[in-house]
Amino acid sequence: MARLLLGGPFPCYLLKKTPEDEVGKKDLPLIAGICGSLRPDGYTAKVLNLALQGASEMGTRTKFIDLRNVQLEFCDGMGNNASPSEDLVELRETIQRAQGIIWATPEYHGSFSGVLKNALDLMGSQEFKGKIIGLVGVAGGDMGAVNALNGLRMVGRSLGSWVIPHQASVASVYKAFNQEGELQDPKLANRIKEVGKHVARFVYLHHSKDAKDFMDLWEASLAEE
């Protein structure tokens, strides 16, 4: 079982006995990543892109959601969302279409960012219930974004999501990237990509059509050993 869920590469087209060139792009699972930082070309965005790259390598579609370009109202807790903005409607619809979501955040004062909190508060179980969630974060301190990711893990559980155990954070982020914008530690870069890959694996398993599909995946994973 561990090999199936955690090993790789994952045979992502085994769910349908269809040649790869006949698999329509629109039929592939969608993994959406929400960037919880408004900093242009910031570290959080770089880390999220790495995680989405991992998901893409498993044969999924991906979508990077940049909250800098999404004009959201503030959640006032009064439930007066009868006339949501166009951007909020589009955000909700995108998340509803996605089978997996990656939340990315910087750690601010021991928690996740306010812009991500507001975006999540404007959505709910209709968008996230039953979805596979992956977590990545960055922090300026030596401890990484552990507190921020633990907070997001609780949010995911409260929304009825499946938050995967594997997560990744970048500590001392200001010195973790080189001048080309790449992580200097290849093992850490791989760990971040693995978050996206894990989300993709669980999405495929979660949406397996029937027991035969599952057994095909199981047997294929054993054959790779």
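The values are calculated or read from the model by the stated rules, or taken from the named source; none is laboratory data. Keep in mind that what you see is a predicted model, and the values were worked out from it rather than measured. Using ideal geometry, Cβ is built from the backbone for each residue, glycine included, and neighbour counts are taken over all protein chains shown.
Against the condition in contact with a strand residue (DSSP E or B) (Cβ under 7 Å, 6 or more places away or on another chain), without any contact (Cβ under 8 Å) to a residue 12 or more places away in the chain and closer than 18 Å to residue 132 by Cα, how does residue 153 come out, does it pass? Here the answer is no, as residue 153 does not meet what is asked.
The single condition among (1) at pLDDT 95 or above; (2) exposed (fewer than 10 other Cβ atoms within 10 Å of the Cβ) that residue 24 does not meet is (1). If only residues of segment 201-215 that are within 23 Å of residue 62 (Cβ to Cβ) and not basic (Lys, Arg) are counted, the one that is modelled with the lowest pLDDT is 208. Restricting 187, 117 to those that are closer than 17 Å to residue 35 by Cα and more than 15 Å from the chain's Cα centre (by Cα) reduces the list to 117. Of all residue pairs spaced 6 or more apart or on separate chains, those with beta-carbon atoms under 8 Å, a first member in segment 179-198 that is touching a residue at least 40 places away in the same chain (Cβ under 8 Å) and on the phi < 0 side of the Ramachandran plot and a second member that is exposed (fewer than 14 other Cβ atoms within 10 Å of the Cβ) and not hydroxyl-bearing (Ser, Thr, Tyr) are 189/182.
Tallying residues that are in contact (Cβ under 8 Å) with a residue 60 or more places away in the chain and charged (D, E, K, R) within segment 51-96 yields 1. Name the residues in segment 45-94 that are modelled with pLDDT under 95 and of a type in the set (Ser, Thr, Tyr), would you? Of everything in segment 45-94, those that are modelled with pLDDT under 95 and of a type in the set (Ser, Thr, Tyr) turn out to be 83, 85. Kindly evaluate residue 35 against the criterion of being surrounded by 18 or more Cβ atoms within 10 Å (Cβ to Cβ), modelled with pLDDT of 95 or more and of a type in the set (A, V, I, L, M, F, W, C). Yes; evaluated as a whole, the condition is true for this residue.
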